[in-house]
Structure formats: C-alpha cells, structure tokens
1. If a residue must be touching a residue at least 40 places away in the same chain (Cβ under 8 Å) and surrounded by 13 or more Cβ atoms within 10 Å (Cβ to Cβ), how many such residues does segment 22-46 contain?
2. Taking segment 85-103 only, how many residues are within 22 Å of Asn33 (Cβ to Cβ), open to solvent by 80 Å² or more (accessible area, probe 1.4 Å) and either at pLDDT below 95 or under 16 Å from the mean Cα position of the chain (by Cα) (or both)?
3. Among the residues of segment 76-90, are any farther than 21 Å from Val14 by Cα and out of contact with any His (no Cβ under 6 Å at 6 or more places or on another chain)?
4. All but one of (1) open to solvent by less than 40 Å² (accessible area, probe 1.4 Å); (2) at pLDDT 85 or above hold for Ser106; which doesn't?
5. Considering every residue within segment 14-21, establish whether at least one is open to solvent by 70 Å² or more (accessible area, probe 1.4 Å) and in contact (Cβ under 8 Å) with a residue 40 or more places away in the chain.
6. Tell me, yes or no, whether segment 34-53 has at least one residue that is modelled with pLDDT under 85, under 28 Å from Val105 (Cα atoms), assigned to a loop (DSSP other than H, G, I, E, B) and polar (S, T, N, Q).
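The values are calculated or read from the model by the stated rules, or taken from the named source; none is laboratory data. Note that the coordinates shown come from a computational prediction; the quantities given were computed from them, not determined experimentally. Cβ sites come from the backbone with ideal geometry, for glycine too, and all protein chains shown count toward neighbours. Calculation scope for accessible area: heavy atoms of the full protein, side chains included, ligands and nucleic acids excluded. Shrake-Rupley method; radii C 1.70, N 1.55, O 1.52, S 1.80 Å.
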Amino acid sequence: GLDAVRDFVDVDDVAAAVLAAATGPAPVHGVLNVGSGAAVSARELVGTLVDVAGARVRIVEDGGGSARSADVPWQQADISAAVTACGWRPRTPLAVSLAGLWQQVSRPLARRGWWCRPTSIRRWRRRTGRRSRPWPHKCGW
C-alpha cells in the first residue's frame, strides 16, 4: 500500500548540501544526513504528483506493498548536523520538486505528440488489451 512514510528531498537541495559541506570554512567530520527533514507518506506523494500532473484519476490501492516498505514503515532524516555544520537547509518544497520533475518528463512526450500517434495508440492497446485510456488527453482520445 501507500502507508510507508519517507523523507523526499530535491536533487538541487542535495547538490547544495554537498557543496556547502565541501566549501565550508571548516572541515566537516562525521556523517551528515541530507533530506527534507519532513516525513511524507507515499499516499501524499502520489496525491501531490497526480495534482501536479493535472490528472483526473482515482488512486486505487491494491496489495500490501513491498516487503521492504513493511520492514521500515517510517523514515525521516535528522538534518540537524548538516544545519549546524554547514548552515545548509533544504529550500525546495516537495510539490515544487514534483512539478519540476513532471515538467521535465512530460515536455518531450507532449512535444512529440506521443499519445496522439496512431502507432502509439495501437501499441498501447495491444499491450494493455484496453480500447480506451483511463485518463483524458488533449487530443480527445
């Protein structure tokens, strides 16, 4: 399921943390946890991504999820050492990070008109056995 709780951090924030640790005035000793410092459920992550994508879909949970997720149901980074040692803090909210990710992923598909090509539609129909898509598309199919 989507009950697992994790700490998601933007890659730009990770790069900024590494840069802060490498270029700080004093050497950094020990382990620095880099994360957002906020615990987010997988359910909330999926919901935010659906909102960002503008999809009109119903999220259906089936199955219990992976065994790995069940072993550790909750993880959140303690970023206090990174804040103290480097003065670093994450700056990118999860929704902004997901919006950037969605924009990067969807732009090439939209530019090529991937879903509007008849061969792509036929290939999708053969692969899934469905006649119509479960989500709306700008081409009307």
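1. Adding up the residues that qualify gives 14.
2. Quick first cut of segment 85-103, residues within 22 Å of Asn33 (Cβ to Cβ) only: 85-94, 96-98.
Of the ones still in play, those that are also open to solvent by 80 Å² or more (accessible area, probe 1.4 Å) are 89, 91, 96.
Checking which are either at pLDDT below 95 or under 16 Å from the mean Cα position of the chain (by Cα) (or both) leaves us with 91, 96.
Of the residues in segment 85-103, 2 are within 22 Å of Asn33 (Cβ to Cβ), open to solvent by 80 Å² or more (accessible area, probe 1.4 Å) and either at pLDDT below 95 or under 16 Å from the mean Cα position of the chain (by Cα) (or both).
3. No, segment 76-90 contains no residue that is farther than 21 Å from Val14 by Cα and out of contact with any His (no Cβ under 6 Å at 6 or more places or on another chain).
4. (2)
5. From segment 14-21, those open to solvent by 70 Å² or more (accessible area, probe 1.4 Å) are 18-19; that's our starting set.
Checking which are in contact (Cβ under 8 Å) with a residue 40 or more places away in the chain leaves us with none.
Scanning segment 14-21, I find no residue that is open to solvent by 70 Å² or more (accessible area, probe 1.4 Å) and in contact (Cβ under 8 Å) with a residue 40 or more places away in the chain, so the answer is no.
6. The first filter runs over segment 34-53 and keeps only residues modelled with pLDDT under 85, leaving none.
Within segment 34-53 (the criterion being modelled with pLDDT under 85, under 28 Å from Val105 (Cα atoms), assigned to a loop (DSSP other than H, G, I, E, B) and polar (S, T, N, Q)), the answer is no, since none of the residues qualifies.
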